[in-house]
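The numbers here are math on the coordinates, done by the rules we state, and not lab data. Note that the structure is a prediction, hence the values are computed from the model and not measured. Cβ: placed from backbone, ideal geometry, glycine included. Neighbour counts: every protein chain shown.
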Ligand SMILES: Nc1ncnc2c1ncn2[C@@H]1O[C@H](COP(=O)(O)OP(=O)(O)O)[C@@H](O)[C@H]1O
Ligand SMILES: [Mg+2]
């Protein structure tokens, strides 16, 4: 049986705008198994990034629990959250988020945990993502697609349990966007990660295993194939 690597249980979150309280997520639950690639869609402002930030231990929910590989990590300290994020979660953002003064290989090297026993090899990742030629290059010399693929390599380098991608294809044209989503899928399947991708791009949804939609602060199953 597949292991549940990411679990959100009864998560609620509201933002306070002065005296006003605005509910963003209301009693949302989600589980993602190893090797599963799920998509979350929903209009702008519906709470997709909020949900991903909670899953990634960047933001605390008002109530509910976050479990990683079966372990409830909700109430850990900020310091513990930072550690868990580095070791067990790989992030991919819309705008690659690479550091401008580092070559591709160093973008990976600086975040690579030396203690990780089953370290994923940079060489393998760069080959699989077809960016070996970018190894010694700075982001300014790389195309949008190459930069996004370097960001994918970086997300996988510490062999995390969970991959979280927030609109990873939004800055790319249709063809490059699809290629990036295909590569995320292929790494997720090969390396048995639990992956959540937030996206607006309906043309790449066929690459995912399950689609959810945030609607009125609730997470609903949109389609399953
Ligand atoms: N730190 C914050 N404080 C107050 N409101 C916020 C904050 N972050 C996001 N919001 C609001 O919460 C809503 C959901 O935001 P977000 O999760 O970024 O949506 P999405 O990613 O689906 O576009 C938006 O209306 C946004 O303006
Ligand atoms: Mg967002």
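When you count the other C-beta atoms within 10 angstrom of each residue and take the mean per peptide, 19-27, 161-169 line up highest first as 161-169, 19-27.
If both residues of a DSSP beta bridge must be in the chain, then about 60% of such bridges are antiparallel.
Each eigenvalue of the Cα gyration tensor of the stretch 69-190, multiplied by 5 and square-rooted, gives one semi-axis; in descending order these are 24, 16, 14 Å.
The alpha-carbon positions of the stretch 72-139 define a convex hull whose volume is 130 Å³ per residue. With neighbour counts taken as other beta-carbon atoms within 10 Å, the residues 202, 50 rank, fewest first, as 202, 50. Packing order of peptides 135-143, 81-89, highest average first: 81-89, 135-143 (average count of other Cβ atoms within 10 Å over each peptide's residues). Helical content alone sets the calculated 222 nm signal of the chain at -8000 deg cm²/dmol, taking -39,500 (n - 2.57) per DSSP H segment of four or more residues and averaging over every residue. Computed across the stretch 1-92, the Kirkwood radius stands at 13.9 Å (inverse of mean 1/r, all Cα pairs).
Need one number: the % of Cα-Cα pairs in the stretch 119-225 sitting beyond the 24 Å mark. Beyond 24 Å sits 25 percent of the P(r) for the stretch 119-225. Kirkwood analysis of the Cα pair distances in the stretch 4-224 returns a hydrodynamic radius of 17.7 Å.
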